[in-house]
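Take a look at the structure set out below.
Bear in mind that the values in this text are calculations on the coordinates, not laboratory data. Quantities reported herein were computed from a predicted structural model and do not represent experimental measurements. Here the Cβ positions follow ideal geometry from the backbone for every residue, glycine too, while neighbour counts run over all protein chains shown.
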Amino acid sequence: MDKVSTIEGRAIPLGLKNVDTDVIIPAHWLKTVSREGLGRGAFETIREAPSNPFDVEDFAGAPILIAGDNFGCGSSREHAAWALLDLGITAVIAPSFSDIFSGNAFKNGILTVELPQDQVDRLLEIAADHPITIDLENQTVTTPFQDRFAFEVDPFRKHCLLEGLDEIGLTLERSAAIETHEQQRAQALPWLDAPQRRDAA
């Protein structure tokens with residue numbers, strides 16, 4: 001998982017409330033087990049509308065999405081996080097998130113930033129023409145106009161995102177302790193590692 005520290009750039013000003021996972025990535029895209037190419041299907045129904053923010057040239061490759069309340073609601077599908085990443089989005093700002101989506105986003109290296117509605121509204125206004133900066137280390141969102149909004153983040157999630165640690169990475173951090181345990185177990189319970197033999201009936 002890539003490390004997440006400072007995310008700076010244009011932000012797609014979506015702003016819609018109750019965007020569910022079927023809107024993020026429609027069900028007919030779930031046939032694939034690959035993470036690649038899902039960006040083409042991300043927000044498919046929204047992108048069918050003319051002048052939608054996803055197809056505005058200024059927002060091409062934008063790393064930040066600004067959404068409305070209850071983003072990522074609906075069914076649990078990790079493909080939603082995969083689609084966002086494939087679209088180039090590594091952070092989503094919204095007043096609130098579905099717990100399941102927030103967990104899936106975190107496990108895939110996407111930072112979810114919760115801010116009050118008035119601050120989100122201000123960012124939506126600025127995002128139309130200017131970049132936004134998210135500083136995970138200092139837990140702030142800033143703009144070129146001296147706006148500075150603080151956000152909360154779970155300390156464990158913050159550590160994992162800053163260090164680029166997914167579940168495998170967290171396990172590998174404990175590799176020395178795991179190796180010591182395996183050696184001690186082999187000495188105390190050697191029969192657990194002995195080849196198993198089944199006698200013919």
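Name the most mobile residue of I25, I168, I93, meaning the one with the largest mean-square fluctuation, in a Gaussian network model of the chain with Cα contacts below 10 Å.
I168
Pop the C-beta distance of L192 and E137 into the FRET formula with R0 = 45 Å and round what comes out to the nearest 0.05. Don't jump to the answer; show the numbers that get you there.
On the way: r = 44 Å, r/R0 = 0.98.
Using R0 = 45 Å, I get an efficiency of 0.55.
Relative to the longest principal axis of the chain, what angle (0 to 90°, nearest 10) does the C-alpha long axis of helix 117-127 take?
With both axes taken from Cα atoms, the answer is about 70 degrees.
So how strong a dipole does the chain carry about its Cα centre when Lys and Arg Cβ are +1 and Asp and Glu Cβ are -1, to the nearest 20 debye? List each step's numbers first, then the result.
Working: 17 positive and 32 negative charges, 130 e Å.
Charge dipole, the chain, about its Cα centre: 620 debye, nearest 20.
Across the chain, how many lysine pairs, 8 or more apart or on two chains, come within less than 26 Å at their alpha-carbon atoms?
For the chain, qualifying lysine pairs total 6.
Taking DSSP loops as anything outside H, G, I, E and B, show the longest stretch in the chain free of trypsin sites (Lys or Arg not before Pro) there with at most 13 other beta carbons within 10 Å. The partial results should precede the final answer.
Details: sites that count: K3, K31, R174, R197, R198.
Looking at the chain, 32-173 is the longest stretch - no exposed trypsin sites (Lys or Arg not before Pro) with at most 13 other Cβ atoms within 10 Å.
Among L65, I7, I24, whose Cα sits farthest toward the positive end of the charge dipole of the chain (+1 at Cβ of Lys/Arg, -1 at Cβ of Asp/Glu, about the Cα centre)?
Positive-most Cα among the choices belongs to I24.
Go ahead and set up a Gaussian network model of the chain, Cα springs under 10 Å, then flag whichever of S76, S34, S96 fluctuates most.
Of the options given, S34 has the highest mean-square fluctuation.
How are the C-alpha pair distances of the chain spread across 10 Å bins, as whole percents from the shortest bin up?
8, 31, 30, 12, 8, 6, 3, 0, 0
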